[in-house]
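Structure first, commentary second.
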Amino acid sequence: MKHVFFFLLSAGACLWAQETPEMPSPANTGAAKTPSAPAAAAQRPAPSAPQSDNSALPLFNLPPNLLAGKGDGAGAGGTEMFSSLQSQMQLLNLNGKMLSPEEIAMFRVRFEKYLNMPAADSQEDLTYNKLLVDINQRLVGKGGGSTEQRIVDAWRMLYEAAQYSMDANMCESLGDKVISYWQTTKKINRLLLENEMLEIERKRKESSIVHVKGSERKEFLDMMRRSNSNEGSLQLTRDYEVDPAKKRLEETEKKLDENKQYEVTSRINQRMDFQSLILQFFVQRRFYHAMIANDFYRYLFEADDDKLEGVDALKTQVFGNLDLKLTTVTIDALSKEAINEATEGIKATEYLISQNEIHTAMQRLMVAFLIGEYLAPVKTFPLESKRKVLEYMRDIEKLQNAVKVKHVERAEEILNKIESYVRDFDSGQVESFIRTSRQLSDLNVQKALVALQSGNQTGVEEALAQAVEYWPTNPKIQQLLTTVLGKADLKDMATTDFDRLMKQKNYRAIFTDRFRFAAALAMDEQRNAEFLEIMKRMEIIETALSQAQELSRLANHYGAWELLEKTYRQYPEDMELNRMRSDFAVKVTDFGQAIAEAEQATQQGDRWKALICYLRAREIYPMSTLATEEIPQCAETILIKKAQRTP
Amino acid sequence: MKNEKKTLIIVFGILAATAVVVMGIFVARTTPAGAYDVLPVAQYVKTPRSLGGNTYIVDVRIDSQLAYKGEIGRVIAVRTQDEKVMLPVLVLKGHSAAFDPRVGQPYRFVVEVDEDGELILLETKKL
């Protein structure tokens, strides 16, 4: 009986599935119609005992591969840890059936709705609950009186109970069934009376026919005697008198048969209707209604232990292929067991909550709710206690979501919160998961760093992918990414800047930011060559600038200017060089002018004047390398040209 | 008698004066300084070609030799005595045979400014 009782749980689940149109049926039917499932369930221990089958019916069902690191169970023990969470949440896996996620979600909705509803302990609720108990007790004899009197009293009380909204007119349905029984009985009685009349009429018709037939026979015998002396005389019959009587007799017999048939079928139909109603109440977990209907049935149909007939389909759906003789007594016992189980479950829940053992309390309350959603102990359970269970459920859901996305910090935070108010939560594997995830992720970040330093791009990507796999929110990953991305950004930016400055021939800007460009363009063969060339150029310019400053410090402005001028002629695009050259030019105007005139004359082909200017420049600054270099060249050129012109 | 003496004195005086004038003219014709203008150095340095075709004298001190080609001559640098300006002077081959300058020697050059503004040495006189 104990095993049978636990089918109630699956019955409840199946009922939810049936009540939910959009709920996919395969999971449900697959569970309910699988022959082996109920049989296996029948051999299972008591439902309150923890189940070790982690794969079965997760209350918060999540795909295991979401937890596995790479789908091969390498997710820092995520699969195992999550299975543990599932086993802790296991509740509905009491008969081996696997409920679909939709069914579980449906249960969660109803259960959470229950947890959020105030306790149904209003005067109206209490009165209704008492009324059901009173009806049940009145039927079993409380208050005394004859059976008929008790049935009538209970029947009247049914309509009184139907006035309450929480009854959902179930008592009225039962009362109507009783009325229907009475009406049918009355009709049957009337038919029985009619049958008696018909029987009398039939006998009378039969006598009439017998009489006519007797007279006819006598006449026939007389005629036969007379015919011995007078052959060939006509034979006379009285069928014309018998035929109407025969017809009446046939009609009477037919009517009698009809009435008897009606009586039999009506009784059978009434029984089956009542049995169906009993089973319906039972399946709906309206156990008091089932017991009341059961009592009515036994009184009305005078059956102590009637086997419930014609409910095979429903029985199979609810109880599977269990070899169970479903009788009114069975239903009565199961209903009482369910009421007792729900009541005890609620008491256990209250005690567990008082001890802060919320996890177990939640499981007990779920069982009690699943069994006796409409029973008074469940409905009157205090809201404050229910809210504690709800808070725990939500925290567990958050924890599972955090584990699902491997948000380790979040999981740790929620775990700490749960542990602060739940004494019986098994946090060992969750803690292990958190610790292992962190270690493995950190290890892979280290691998990525090593790969990064060695320039192994593939290694960096693989190690980072692993690190993310174990702990996506690892701050070290973010730091590493920032570094890598920062480098990538800098490189891109430096490349862009380099190209732009090259186009502008702003080598000074490249030189100023040479360290950034050196780092960014080290791997860029073409740009790096250009960069090195610019560095050489700038090295010359910078050396000239430094030397010019030093010469200027020694008051050798001519030397400084000339040095800058010579460098300027080589690299005229450098703004700093040009600026300093201009600054010194002010101080060496005469020398600068002589050089300028010399160059201008050279450009015009007037070597003689160029020579004069260079000589003048050397007069101004005897150490002038420009003049010293140019003067002999000019003189020699002049001689050569002179020779060409001389015939 | 007195008139004859006076006449004779006058005649001799005229002859003497004439002789002095003739001698002066002769001397002037045979001496460079006397035959050419002095080179306007500042103008020449500024626009050498503007003085093309002219011949000048200029007192200089030898500074250095800037270039030499045997078949053509040489270019020397001289510093003018008055304005201390360094000038190049082209000494062509034909003239060089009798010209053997040393650094620091003072000379009076008779120079011609050719169409390119070049100073061509014509005559030299040690000072």
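Calculated FRET efficiency, A:THR589 to A:ASP499, Cβ-Cβ distance, R0 = 30 Å: about 0.15 to the nearest 0.05.
The average projected area of segment A:420-520, computed from the convex hull of its Cα atoms over all directions, is 9.1 nm². If R0 is taken as 22 Å, the Cβ-Cβ distance between B:LEU122 and B:TYR68 corresponds to a FRET efficiency of 0.70.
The distance between label points at A:MET575 and A:ASN528 comes to 3.0 nm (points 7 Å beyond Cα on the Cα→Cβ vector).
Normalised radius of gyration (Cα atoms, divided by 2.2 N^0.38 Å) for segment A:121-201: 1.49.
Among the trypsin sites (Lys or Arg not before Pro) found in segment B:76-127, those both in a DSSP coil and sparsely packed, with 12 or fewer other Cβ atoms within 10 Å of their Cβ, are B:LYS84, B:ARG102. If R0 is 22 Å, the Cβ-Cβ spacing of A:ARG435 and A:THR473 corresponds to a FRET efficiency of close to 0.90. Compared with the alpha-carbon gap, the fully stretched path from A:SER454 to A:GLU201 is longer by 79.3 nm at 0.36 nm per residue. Across the alpha-carbon set of segment A:342-425, the Rg to Rh ratio works out to 1.05, Rh being the Kirkwood radius.
If one computes the Cα centroid of segment B:70-104 and of segment A:531-577, what distance in Å separates the two points? Cα centroid to Cα centroid, the span is 37 Å.
Here, each number is a calculation from the coordinates, and none is a lab measurement. Keep in mind the model is a prediction, meaning the values are calculated, not measured. When we count neighbours, we look across all protein chains shown, and the Cβ atoms used for this are built from the backbone with ideal geometry, even at glycine.
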